[in-house]
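The values are calculated or read from the model by the stated rules, or taken from the named source; none is laboratory data. Keep in mind that this is a model prediction, so the values were computed, not measured. Neighbour counts are summed over all protein chains in view; Cβ atoms, including those assigned to glycine, are modelled from backbone coordinates with ideal geometry. In case anyone asks, the SASA skips ligands and DNA or RNA and just uses the protein heavy atoms, side chains included. Shrake-Rupley method; radii C 1.70, N 1.55, O 1.52, S 1.80 Å.
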Amino acid sequence: QVPLVESGGGLVQPGGSLRLSCVASGYTFDNYAMGWFRQAPGQERDFVAGISRNGDSTYYADSVKGRFTIARDNGQNTVYLQMNSLEPEDTAVYYCAAQYGFSWSRVRDVNYWGQGIQVTVSS
């Protein structure tokens, strides 16, 4: 059983929007902070956004601040990434991640990864 499954990716024009969803299963969702990462071809996987396990605290990479919003619904075991004002530089495979603990930490290990979903921003 795959613990994290992403959906909502695809092709969008520059300036457009997409909402990614990630459904968790097989573990206690609200014991984990959740995050989103992305990896463009030939580049490392980079942190995009994180959210605490109760949803009160959020964290963003500088490159997406003001354009992307992370949110979670613990009743639905789901974390979302709303992406607005998309740019060609946002093109990447996006990964959902779960990290045991209250707040997202850049130094703590990720416990679960999703399989990734493609987002392409192009005219």
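Residues in the stretch 114-121 include at least one that is open to solvent by less than 40 Å² (accessible area, probe 1.4 Å), within 14 Å of the chain's Cα centre (by Cα) and under 18 Å from GLY15 (Cα atoms).
Can ILE70 be described as touching a Leu at 6+ places or on another chain (Cβ under 7 Å), crowded, with 18+ Cβ neighbours inside 10 Å and not charged (D, E, K, R)? Working first, answer last.
Details: touching a Leu at 6+ places or on another chain (Cβ under 7 Å): yes; crowded, with 18+ Cβ neighbours inside 10 Å: yes; not charged (D, E, K, R): yes.
Answer is yes for this residue.
In the stretch 34-47, is there at least one residue being of a type in the set (D, E, K, R) and not in a strand (DSSP E or B)? Checking the stretch 34-47: at least one residue is of a type in the set (D, E, K, R) and not in a strand (DSSP E or B). Of all residues in the stretch 12-31, those being over 14 Å from the mean Cα position of the chain (by Cα), at negative phi and at pLDDT 95 or above number 5.
The set of residues in the stretch 48-59 being part of a strand (DSSP E or B), open to solvent by less than 50 Å² (accessible area, probe 1.4 Å) and not β-branched (Val, Ile, Thr) consists of ALA49, GLY50. Total residues in the stretch 81-104 satisfying the condition of being open to solvent by 10 Å² or more (accessible area, probe 1.4 Å), hydroxyl-bearing (Ser, Thr, Tyr), assigned to a strand (DSSP E or B) and at pLDDT 95 or above: the figure is 1. Kindly indicate whether VAL23 is touching a Ser or Thr at 6+ places or on another chain (Cβ under 7 Å) and open to solvent by 20 Å² or more (accessible area, probe 1.4 Å). Here the answer is yes, as VAL23 does meet what is asked. Residues in the stretch 18-33 that are in a strand (DSSP E or B) and not hydrophobic (A, V, I, L, M, F, W, C) were compared, and the one that is nearest to THR91 (Cα to Cα) is ARG19. Could you check the stretch 4-17 and list, in sequence order, the residues that are open to solvent by 30 Å² or more (accessible area, probe 1.4 Å) and either assigned to a loop (DSSP other than H, G, I, E, B) or among the aliphatic types (A, V, I, L, M) (or both)? VAL5, GLY8, GLY9, LEU11, GLN13, PRO14, GLY15, SER17, listed by residue number.
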